[in-house]
Amino acid sequence: MRVLGLTGGIGMGKSTVARMLRSAGFPIFDADAAVHALQAPGGRALPAIARLVPGSVHDGVLDRAVLRRAAIANPAILKGLERILHPMVRQDRDRFLARARRAGHSWAVLDVPLLFETGGERACDRVVVVSAPPDVQKHRVARRRGMAPDQVAAVIARQMPDREKRRRADDVIQTGLSRADTIRRVRRLVARLRATAGRKGGGA
């Protein structure tokens, strides 16, 4: 089985591409969903988060406002949170890959926003970056999150530049023209992946 890494900055359309790949029959590991589950009521990460930020967990429920204020006041908190979450997400990822392999899939997809930042590309045979023009990205983020332009710019600035992600990618899916155009691009990617699997004797 081969592994496809799927990544892209906020507002680039990565989630849309992931849904299209899932509809095409590819199993998808959603790293954001894994993080959410780890921090959900009773989640595996909560005991460690409670030790990192006392008062952030009450009766097995995370107080996100307390955690957010702590992270803003002390950047080291964010690093500590990453040290807690990243190994747990990798464990969930490895279990997902094992299940996909047992199910006989030729390709499995890792949908990871911070794929390059966390070194996750080392677990992948190919990496697809989803990209969009800067003005489209900013409009999507502002519309979806109700953020002011300076807030949008600050969020984007904290991420790896899109040009660097595209440089490191094996494939780039451009979004921003139309949904139909994105569908065509994803279909071409799916065809290439299936052809590669076919040469190795497997299906999609």
Practice item. For residue 165, go through the aspartates and glutamates and keep the ones whose alpha-carbon is under 15 Å away, minus same-chain ones fewer than eight residues off. Key: 111, 117, 121
Check your understanding: Restricting to the chain, what percent of DSSP beta bridges are antiparallel, rounded to 5?
Key -> 10
Point to revise | Residues with amide H under 5 Å from that of residue 110, placed H, sequence gap 5 or more | key: 4, 5, 6, 29
Review point. Given a Förster distance of 22 angstrom, what is the FRET efficiency for residue 195 paired with residue 90, based on the Cβ-Cβ distance and rounded to 0.05?
Key: 0.15
**Study point:** Cα→Cβ-extended label distance, 7 Å offset, between residue 164 and residue 177, nm
**Key:** 2.9
Check your understanding: When we measure straight from the Cα of residue 138, which aspartates and glutamates land under 17 angstrom away, once same-chain ones fewer than 8 places off are left out?
Key -> 150, 162
Exercise for review: Choose one of 71, 40, 113: the residue whose Cα lies farthest towards the positive end of the charge dipole of the range 1-120 (beta-carbon charges +1 Lys, Arg; -1 Asp, Glu; about the Cα centre).
Suggested key: 113
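In cubic angstrom, how much convex hull volume per residue do the alpha carbon atoms of the range 42-104 span? Please report the intermediate quantities before stating the final value.
On the way: hull volume 5.5 nm³, N = 63.
Considering the Cα atoms of the range 42-104, their hull volume per residue is 87 Å³.
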Revision key, fill the gap. In nm², the average projected area of the convex hull spanned by the Cα atoms of the chain is 12.1
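Any read-out appearing in this document is the output of simple, stated calculations on the displayed coordinates, not a laboratory observation. Worth saying up front: this structure is predicted, and the values here are computed from it rather than measured. A quick note on method: Cβ atoms are made from the backbone with ideal geometry, for glycine too, and the neighbour counts reach across all protein chains shown.
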